[in-house]
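Student: First the structure, which I've put down as structure tokens, then a few questions once you've had a look.
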Amino acid sequence: MANRYKKAVEEEPEVAPESKPEEEKRETETPKKSAMDPKFKLMAKGYRDIFGGDILIQKSVLKQLPFIMLLVAMLVLYIFNNNLAEKNLIKIERTKKELIELRYEYISSKADMMDSLKQSMVLQKLELLGIKESTNPPHKIFINTGKTDKK
């Protein structure tokens, strides 16, 4: 079989040099594109319109422009409100931490004050200043105002 094939190839007539450029042209030409699916064409046109900006000048979009602007304004307000709420939450958390610290400081100061107001602690502090505790019991002082009280 291989021999028969060789003979068939050898027996082929040679092509004239004038026709060779045409064959080369055919080989170098790009093959014709097959017809695209209509759905694909429509989808490609839609993407081209969106990314090219052509969709913004269509009548249907221009009719909806006030509604689109309302949506944009509401979106901006939503973002602003969200940021404001987050800032308030941060302030609340900071204030809670400060309140906890102040409460701890109050409790420790109160405990220190209670310890320093005990009679024994007051006596120790007064002895450093040279003041001693009285050993005499207190007694009442009567002042005569000139009025007599009848009982």
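Every number in this text was worked out from the coordinates using simple rules, so none of it is lab data. Small disclaimer: the values here were computed from a predicted structure and weren't measured. Quick reminder, even Gly has a Cβ in these numbers, built from the backbone with ideal geometry, and neighbours come from all protein chains shown.
Student: Treating only the Cβ atoms of Lys and Arg (+1) and Asp and Glu (-1) as charged, compute the dipole magnitude of the range 53-141 about its Cα centre; round to the nearest 20 debye.
Tutor: Here the size comes out at about 280 debye.
Student: At 7 Å along the Cα-to-beta-carbon direction for both LYS125 and TYR106, put a label point, then send me their distance in nm to one decimal.
Tutor: With each label placed 7 Å out from Cα toward Cβ, I get 2.2 nm.
Student: When the dipole is taken about the Cα centre of the range 97-147, and only Lys, Arg (+1) and Asp, Glu (-1) are charged at their Cβ, what size is it in debye, to the nearest 20?
Tutor: It works out to roughly 400 debye.
Student: For a quick check of your reading of the filter: which GluC sites (Glu not before Pro) in the range 59-151 sit in a DSSP loop and have no more than 15 other Cβ atoms within 10 Å?
Tutor: Taking the range 59-151 and a limit of 15 other Cβ atoms within 10 Å, the loop GluC sites (Glu not before Pro) found are GLU133.
Student: If a paramagnetic tag sat 7 Å from the Cα of LEU56 along the Cα-Cβ line, which residues of the range 71-90 would have the backbone N under 18 Å from that point?
Tutor: 71-73
Student: Okay, moving on. Have a look at VAL76, PRO66, LEU99 and report the one farthest towards the positive end of the charge dipole of the range 55-101, computed about the Cα centre with Cβ charges (Lys/Arg +1, Asp/Glu -1).
Tutor: Highest projection toward the positive end goes to PRO66.
Student: What nm distance separates the two modelled labels at LEU99 and LEU117, each placed 7 Å from Cα along Cα→Cβ?
Tutor: 2.6
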